[in-house]
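The values are calculated or read from the model by the stated rules, or taken from the named source; none is laboratory data. Bear in mind the structure is a predicted one, so any value in this text is a computation, not a measurement. We place every Cβ from the backbone using ideal geometry, glycine too, and count neighbours over all the protein chains shown. Note: areas computed on protein heavy atoms with side chains; ligands, DNA, RNA excluded. Shrake-Rupley method; radii C 1.70, N 1.55, O 1.52, S 1.80 Å.
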Amino acid sequence: FEGGVRELLVISQDTSAYGVDVKYRTGFWDGKPVKTRMLELVQALGEIAEPYGAWVRLHYVYPYPSVDEILPLMATGKVLPYLDVPLQHSHPDVLKRMKRPASGEKNLERIARWREICPEIVIRSTFIAGFPGETEGEFEHLLDFMREAQIDRAGCFAYSAVEGATANDIPGMLPLEVREERRARFMAVAEAVSAAKLQQRVGATMQVLVDSAPGMGKKGGVGRSYADAPEIDGVVKLLPPEKISKTLKVGEFTKARIVGTQGHDLVAVPV
C-alpha cells in the first residue's frame, strides 16, 4: 500500500477454506501470532489497509457458517462490504447433484442475516442453469430465489459438459437450446433486480476509485464504487466535475454524487 495500491482483491478457489490444508496453524505477522483462518486473515488485511484508506475486496467466499464472523468487519469499514459468493443454484436437489453443501432456504436466511448486520453489503454470485436433471420446477425455484434474495450482481453459465466431470454421468442431460434458454431467462431476472438496486443509489454520494481520467478529469472519467469489482461488475461514469478546480487522478479516490444509471453502470458528478 505504501507504493500506491488502493485496492486488494482476495481471490482463491475457496477463500472460506483458508487454512484448512494446514489445520489452521498459528503463524506470525509483524511479531504477533496470527491463526491461519479466514477471519484472522481478513482482520489482518483490514489493519494493513486501513491507514492508507485502501479497499480489501473478498472473492470466492463459499457460504459456510464461519463467513458470518467477517460481517462485523464489513459493518465497521475494516474491509469492503462486498462478498463474491458462488451460490450455483437454490434448489436443494440440484445442489445435492452438484455436491454442494448448502440449500437455498439456508442461503436466504443467511443473506437476510448478513444484511441485518451490514445493510450496505453488496452480494455478487454466479449460477448454473440447465444442470443435468434440472426440471422446469427446479429452475423456477432458482428464479424465485433471485427475486427474493435480491442478489446485487449475478452471472450465469449454461451447463457445459467438461471432459472427465462426474456430472456428465448424471441422468437427464438437457438439450443445449434448453440450457441456453434458461440462462437467458435467468439473466433477464438478474438484470431487472440489479437495475432496480442501482436506481436506489441515485441521489447518494459515494466514494469512487478513479480508473481513467483523461486531462485530469476535466471532461470526466471512469471509476468504481465499493460495489464494483474490476472487470466483472459495472463502473461509475464520471461527468465533468462541478468545480472547475476539481481534478481527478487515476488510482485515487474522489467523492461523487450519483445522478443516474446506464445499464449496469452508475452516472455521477465528482463533488
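Quick look at the numbers
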{"quantity": "Additional length obtainable on full extension of the chain from Arg185 to Glu136, 0.36 nm per residue less Cα span", "calculated": "16.5 nm"}
{"quantity": "Semi-axis lengths (Å, descending) of the ellipsoid that matches the C-alpha gyration tensor of region 113-271", "calculated": "39, 17, 13"}
{"quantity": "Convex hull volume per residue for the chain, taking Cα atoms only, in Å³", "calculated": "150"}
{"quantity": "Low-density loop positions, GluC sites (Glu not before Pro), region 144-181 - DSSP coil, at most 14 other Cβ in 10 Å", "calculated": "Glu163"}
{"quantity": "C-alpha center-to-center spacing [region 1-79, region 160-216] in angstrom", "calculated": "26"}
{"quantity": "Assigned charges on the beta-carbon of Lys, Arg, Asp, Glu; the chain dipole about Cα centre (debye)", "calculated": "880"}
{"quantity": "Between helix 104-117 and the chain: long-axis angle, C-alpha atoms, 0 to 90°, nearest 10", "calculated": "20"}
{"quantity": "Proximal lysines to Lys218, defined as alpha-carbon separation beneath 18 angstrom and excluding residues fewer than eight positions away on the same chain", "calculated": "Lys237, Lys243, Lys246, Lys249, Lys255"}
{"quantity": "Cα long-axis angle, helix 176-199 against the chain (0 to 90 degrees, to the nearest 10)", "calculated": "30"}
{"quantity": "Contour excess over end-to-end distance, with Cα ends at Ala204 and Ile48 and 0.36 nm allotted per residue", "calculated": "53.3 nm"}
{"quantity": "Sparse-neighbour loop sites [trypsin sites (Lys or Arg not before Pro); region 51-147; at most 16 other C-beta within 10 Å; DSSP]", "calculated": "Lys99"}
{"quantity": "Segment Glu231-Ala196, length gained on full extension (0.36 nm per residue, minus Cα span)", "calculated": "10.5 nm"}
{"quantity": "Per residue value of the accessible surface for the chain (all protein chains in place, 1.4 Å probe), Å²", "calculated": "50"}
